[in-house]
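S.K.: Here you go, one structure.
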Amino acid sequence: MAATGEALTPQGYIQHHLTNLSVGEGFWTWHIDSLFFSVGLGVLFLWLFHSVGKKATTGVPGKLQCFVEMIVEFVDNSVKETFHGRNPVIAPLALTIFVWVFMMNFMDMVPVDWIPELAMAAGIPYMKVVPTTDLNITFSMAIGVFLLIIYYSIKVKGVSGFVKELTMQPFNHWAMIPVNFLLETVTLIAKPISLALRLFGNLYAGELIFILIALMYGANWALSTLGVTLQLGWLIFHILVITLQAFIFMMLTIVYLSMAHEDH
């Protein structure tokens, strides 16, 4: 159903579910739903892990404590195996990225009509519930990682060392400085772009598939039965996708920051 109460065409249904609740115009457009769910899930993550940490016991752990400890140990081992510098910020950052991105991705497991229909019943015309299907969210996280890369590159190597890294490799000759600078700058800028687009593209495609499957419901009993089977199969496969994408974003962040700490 559309916000006006009229029945949606298949094209209108898809467009409606891919439209953000937004305010403002142009560059200053704010996607309220993406901000609400991303910040809300971030607060939930902080509260949950803080609560488990305060109640942690050295005896037999509860199921939640055991689950949290498994995640922390997994991330800690990933950092130890990949990051070759010394920085106490990297492990907490990696843990935050992995859990936060996974939680945002996991919103794709919620049936596509549930929250939008509840929102429409409350008079809210649009409601996208998967923040990582919003390019603004994935780019903002990638830009945050990019700023950390620049910061630690300058902190570890100094301004002159960072400039030399951009101008004196891969060809260590003064005549090749323009070529080196172009190549290294493109490589540097490609890091946040690839981070953002990889996460966005995979989750956006996954959400679109769920929406297309939902269109099969109500057509006839055969298509509805097929839709249930396809949704179950895609749901099971998509659990792997959302976990893998959170892991990839975390690992690339660790790798990029490890490279920033390498002083040649």
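S.K.: Of the residues PHE247, PHE181, PHE210, only one is closer than 21 Å to LEU18 by Cβ and among the aromatic types (Phe, Trp, Tyr); which?
M.R.: Sole residue among the options that is closer than 21 Å to LEU18 by Cβ and among the aromatic types (Phe, Trp, Tyr): PHE210.
S.K.: Just one of PHE162, PHE200 is of a type in the set (Phe, Trp, Tyr), assigned to a helix (DSSP H, G or I) and at pLDDT 95 or above; which is it?
M.R.: Details: PHE162 fails: at pLDDT 95 or above.
Only one candidate qualifies: PHE200.
Yes or no, residue by residue, for (1) under 32 Å from the mean Cα position of the chain (by Cα); (2) more than 22 Å from MET251 (Cα to Cα); (3) of a type in the set (Val, Ile, Thr):
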{"position": "MET168", "(1), (2), (3)": "no, yes, no"}
{"position": "MET176", "(1), (2), (3)": "no, yes, no"}
{"position": "GLU184", "(1), (2), (3)": "yes, no, no"}
{"position": "THR187", "(1), (2), (3)": "yes, no, yes"}
{"position": "ALA190", "(1), (2), (3)": "yes, no, no"}
{"position": "LEU195", "(1), (2), (3)": "yes, no, no"}
{"position": "ARG198", "(1), (2), (3)": "yes, no, no"}
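S.K.: Now a separate question. Would you call GLU117 of a type in the set (Asp, Glu), in a helix (DSSP H, G or I), under 30 Å from GLU262 (Cβ atoms) and in contact (Cβ under 8 Å) with a residue 24 or more places away in the chain? Let's see the steps before the verdict.
M.R.: Numbers: of a type in the set (Asp, Glu): yes; in a helix (DSSP H, G or I): yes; under 30 Å from GLU262 (Cβ atoms): no; in contact (Cβ under 8 Å) with a residue 24 or more places away in the chain: yes.
The answer is no for GLU117.
S.K.: Right, another one. Would you confirm, using the coordinates I've provided, whether GLY42 is within 21 Å of the chain's Cα centre (by Cα), farther than 18 Å from MET127 by Cα, surrounded by 14 or more Cβ atoms within 10 Å (Cβ to Cβ) and among the small types (Gly, Ala, Ser)? Quick ask: steps written out before the conclusion?
M.R.: Working: within 21 Å of the chain's Cα centre (by Cα): yes; farther than 18 Å from MET127 by Cα: yes; surrounded by 14 or more Cβ atoms within 10 Å (Cβ to Cβ): yes; among the small types (Gly, Ala, Ser): yes.
The answer is yes for GLY42.
S.K.: Filter the range 212-250 down to the residues that are buried (at least 18 other Cβ atoms within 10 Å of the Cβ) and under 24 Å from the mean Cα position of the chain (by Cα), then identify the one that is farthest from ASP134 (Cα to Cα).
M.R.: GLN231
S.K.: Which one of ASN105, ASN136, ASN87 is in contact with a strand residue (DSSP E or B) (Cβ under 7 Å, 6 or more places away or on another chain) and surrounded by 16 or more Cβ atoms within 10 Å (Cβ to Cβ)? Spell out the reasoning first.
M.R.: Numbers: ASN105 fails: in contact with a strand residue (DSSP E or B) (Cβ under 7 Å, 6 or more places away or on another chain); ASN87 fails: in contact with a strand residue (DSSP E or B) (Cβ under 7 Å, 6 or more places away or on another chain).
The match here is ASN136.
S.K.: Give all pairs with beta carbons closer than 6 Å in which a residue from the range 225-245 that is at negative phi meets a residue that is at pLDDT below 90 and of a type in the set (Ser, Thr, Tyr); count only pairs at least 6 apart in sequence or on separate chains.
M.R.: Correct list of pairs: GLY227/TYR217.
S.K.: Right, another one. Identify all residues within the range 90-102 that are buried (at least 16 other Cβ atoms within 10 Å of the Cβ) and not aliphatic (A, V, I, L, M); write none if there are none. Steps first, please.
M.R.: At the first step, the residues of the range 90-102 found to be buried (at least 16 other Cβ atoms within 10 Å of the Cβ) are 90-91, 93-102.
THR96, PHE98, TRP100, PHE102, listed by residue number.
S.K.: Any residue in the range 4-33 that's closer than 18 Å to ALA121 by Cα: show its pairings with residues that are among the basic types (Lys, Arg) and modelled with pLDDT of 90 or more at Cβ separation under 6 Å, as long as the two are six or more apart or on different chains.
M.R.: These pairs meet every condition: ASN20/LYS128; ASP33/LYS128.
S.K.: What about PHE139, is it in a helix (DSSP H, G or I), touching a residue at least 40 places away in the same chain (Cβ under 8 Å) and closer than 22 Å to VAL23 by Cβ?
M.R.: Values: in a helix (DSSP H, G or I): yes; touching a residue at least 40 places away in the same chain (Cβ under 8 Å): yes; closer than 22 Å to VAL23 by Cβ: yes.
In short, yes.
S.K.: Kindly indicate the residue of the range 55-84 that is among the polar types (S, T, N, Q) and surrounded by 10 or more Cβ atoms within 10 Å (Cβ to Cβ) and also nearest to ILE149 (Cα to Cα) among those meeting that condition.
M.R.: THR82
S.K.: Which of the helices (runs of 4 or more DSSP H) contained wholly in the range 1-88 include at least 2 residues that are more than 25 Å from GLU207 (Cα to Cα), among the acidic types (Asp, Glu) and in contact with a helix residue (DSSP H, G or I) (Cβ under 9 Å, 6 or more places away or on another chain)?
M.R.: 63-82
S.K.: Being at pLDDT 95 or above, more than 30 Å from VAL156 (Cα to Cα) and part of a helix (DSSP H, G or I) narrows it down to one residue among LEU223, LEU232, LEU244; which is it? So that I can check it myself, show each step before the final result.
M.R.: Details: LEU223 fails: at pLDDT 95 or above; LEU232 fails: at pLDDT 95 or above.
The conditions single out LEU244.
The values are calculated or read from the model by the stated rules, or taken from the named source; none is laboratory data. All of these numbers come straight from a predicted model, not from anything done at the bench. As a convention, Cβ positions derive from the backbone with ideal geometry for all residues, glycine included, and neighbour counts pool all protein chains shown.
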